[in-house]
Amino acid sequence: MATKALFNTVVNWFIRQRIDQIQNFMNHPIETQKGILFSQLFHAEDTEYGKKYGFNSISSYQDFKNKVPVVTYEDFEPYIERARQGYKDVSWPGYIKHFAKSSGTTNAKSKFIPISAESLEYCHMKAGKDMVSIYANNHPENQLFTNKNLRLGGSSELYADFNTKFGDLSAILIDNLPFWVEITTTPSKKVSLMSEWESKLRAIISEVKNEDVGSLLGVPSWMMVLLQRILQEADVKNISELWPNLEVFFHGGISFKPYREQYGQIIGKNINYYEIYNASEGFFGIQDRSNSDEMLLMLDYGIFYEFIPMEQFHFSNPNVVSLEHVEVGKNYAMIITTNGGLWRYLIGDTVVFTSINPFRVKISGRTKHYINAFGEELMITNVECALTKACEATGAAITDFTGAPVFMKENESGAHEWIFEFSKNPDDLESFTKAFDECLKAVNSDYEAKRYNNITLKRPIVHIARPNLFYCWLESKGKLGGQNKVPRLSNDREYIDPLLELNKA
């Protein structure tokens, strides 16, 4: 025990030193970002992409905007495919050995995001250390390295044709962790990289139920599934009975709001919750203060940020701005240029700045995941806020949900149709629906206008999902685990119709 305590003290001392560098980019954000942009341009000027767009002639941010196009994955895919086929110096110097397989939406084909040696080391790995550094500085009494960290990641496979590895980002990271992290982590690397979800769950439970777990790392929805299974297996009332030293859950991938109450119940005591903002394309934000719902934008990970105001997103020539010109409270689509060889890449996320000194953000949604069939511009943040209030008003707890439009017919108004999976049903569905509708009106004036006298939009149509409906649907698509999820908002009925059909079975 004394050895563990000494190890915890030593590692904590080293890991906490990084806070000075974090403070430096907080104090000098614009200079940090400019340095990253021109370093990347210089580094990649002799690549295929760099030669095509004249990186060596770019001397200002305005030059960069004028010469290098904003791209989607589909635009950039030919370059990624060349890198996957073993060509060097495509959009980043040298060969790319790792590709993060991003599932995208449940029906979309997979995306393969290049992970260069630089992005692995100076973005993703660096972020993991910073996550712990921030927590350790906020909680000096922590025992993170006395107890085990339970990680819940994806699987990794070898792309045999060209000897490049691809898999979930979490699996690539697990495959490259330093030994001092590996010895404080559970489950084992072998189990963590298993592909088949149900077998993996059983193996994880077998390994972790007798460990002294002090921290959790994963996606809230899938971690909840694991913890529920562990409760059944260990025959305890709550997780804190099994792991009394559990102190923090580092979570990301989806919003934590719908799960907060359930985690309080299943864990059985108050712990810390820290949100992280990462994706296959890069690691972007870390909650830097306790009990906060905003994240510090991490500015020294080899990522240069740009933003499109969402009101201009569908313009042919939107006004793209750098970090220097963002505004608090405005909804932006995020563009990234990375040390993995992505250039002015539209990641698909939308963010709102809550502060510009320092730069802190909240994830507000996805550029493709919204409902705007009637001009209501409904975003995920609107829905989550309304759901929180509706659940509080009716004693409900939500596990998962999705919503879509019901389109107008000849003499009939449109509507929004929802299917909610509850871990605790509302006292009265009618009251829940009314509260949800009223809260949406309160947080979204466009929605309120369209609901006026039911002329454009009728009251929401709400269905209760049978238990595990969303899990079963993802299972039928081969999409269990990792960061797979059903999109919570859609402007068409691609997801809700099959879910409603399955709910009848």
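The values are calculated or read from the model by the stated rules, or taken from the named source; none is laboratory data. Since this is a predicted model, take the numbers as computed values, not measurements. Ideal geometry is used to build each Cβ from the backbone, glycine not excepted, and the neighbour counts take in all protein chains shown.
Of the residues that make up the range 40-49, is at least one at pLDDT 95 or above and within 28 Å of N357 (Cβ to Cβ)? Scanning the range 40-49 turns up at least one residue that is at pLDDT 95 or above and within 28 Å of N357 (Cβ to Cβ). Can S316 be described as polar (S, T, N, Q) and without any contact (Cβ under 8 Å) to a residue 12 or more places away in the chain? Considered against the rule, which asks whether it is polar (S, T, N, Q) and without any contact (Cβ under 8 Å) to a residue 12 or more places away in the chain, S316 comes out as yes. Scanning the range 185-208 for residues that are among the basic types (K, R) and buried (at least 17 other Cβ atoms within 10 Å of the Cβ) turns up just one, K200. Before we move on, is F422 touching a residue at least 12 places away in the same chain (Cβ under 8 Å), aromatic (F, W, Y), touching a Pro at 6+ places or on another chain (Cβ under 6 Å) and crowded, with 18+ Cβ neighbours inside 10 Å? No, not satisfied.
Per-residue answers, yes or no, for (1) of a type in the set (F, W, Y); (2) at pLDDT below 95; (3) within 30 Å of L296 (Cβ to Cβ):
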position	(1), (2), (3)
F145	yes, yes, yes
F179	yes, yes, yes
S199	no, yes, no
V219	no, yes, yes
M224	no, yes, yes
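The one condition from (1) modelled with pLDDT of 95 or more; (2) farther than 24 Å from Y135 by Cβ; (3) of a type in the set (F, W, Y) that F315 does not meet is (1). Looking across N56, N8, one residue alone is surrounded by 15 or more Cβ atoms within 10 Å (Cβ to Cβ) and part of a helix (DSSP H, G or I). It is N8. Tallying residues that are in a loop (DSSP other than H, G, I, E, B) and either touching a residue at least 60 places away in the same chain (Cβ under 8 Å) or closer than 11 Å to G329 by Cα (or both) within the range 350-367 yields 1. Please work out which residue is surrounded by the most Cβ atoms within 10 Å (Cβ to Cβ), limiting yourself to the range 379-413 and to residues that are outside any helix (DSSP H, G or I) and at pLDDT below 90. Step by step, filter the range 379-413, then rank; the result is M379.
Looking at N319, N291, N339, N357, just one residue is buried (at least 20 other Cβ atoms within 10 Å of the Cβ) and either at negative phi or not aliphatic (A, V, I, L, M) (or both), and that residue is N339.
This table checks each residue for (1) charged (D, E, K, R); (2) surrounded by 19 or more Cβ atoms within 10 Å (Cβ to Cβ).
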| residue | (1), (2) |
| --- | --- |
| A442 | no, no |
| A449 | no, no |
| Y452 | no, no |
| T456 | no, no |
| R466 | yes, no |
| W473 | no, yes |
| L480 | no, no |
| L489 | no, yes |
| R493 | yes, no |
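Contact map, the range 445-468: first residue more than 12 Å from H416 (Cα to Cα), second residue surrounded by fewer than 13 Cβ atoms within 10 Å (Cβ to Cβ), Cβ cut-off under 7 Å, separation 6 or more or different chains; pairs are D446/G375. Of all residues in the range 446-495, those that are over 26 Å from the mean Cα position of the chain (by Cα) and among the polar types (S, T, N, Q) total 3. Given the structure, is G214 under 22 Å from the mean Cα position of the chain (by Cα) and assigned by the TED database to the domain that holds Y273? Spelling it out, it is not the case that G214 is under 22 Å from the mean Cα position of the chain (by Cα) and assigned by the TED database to the domain that holds Y273.
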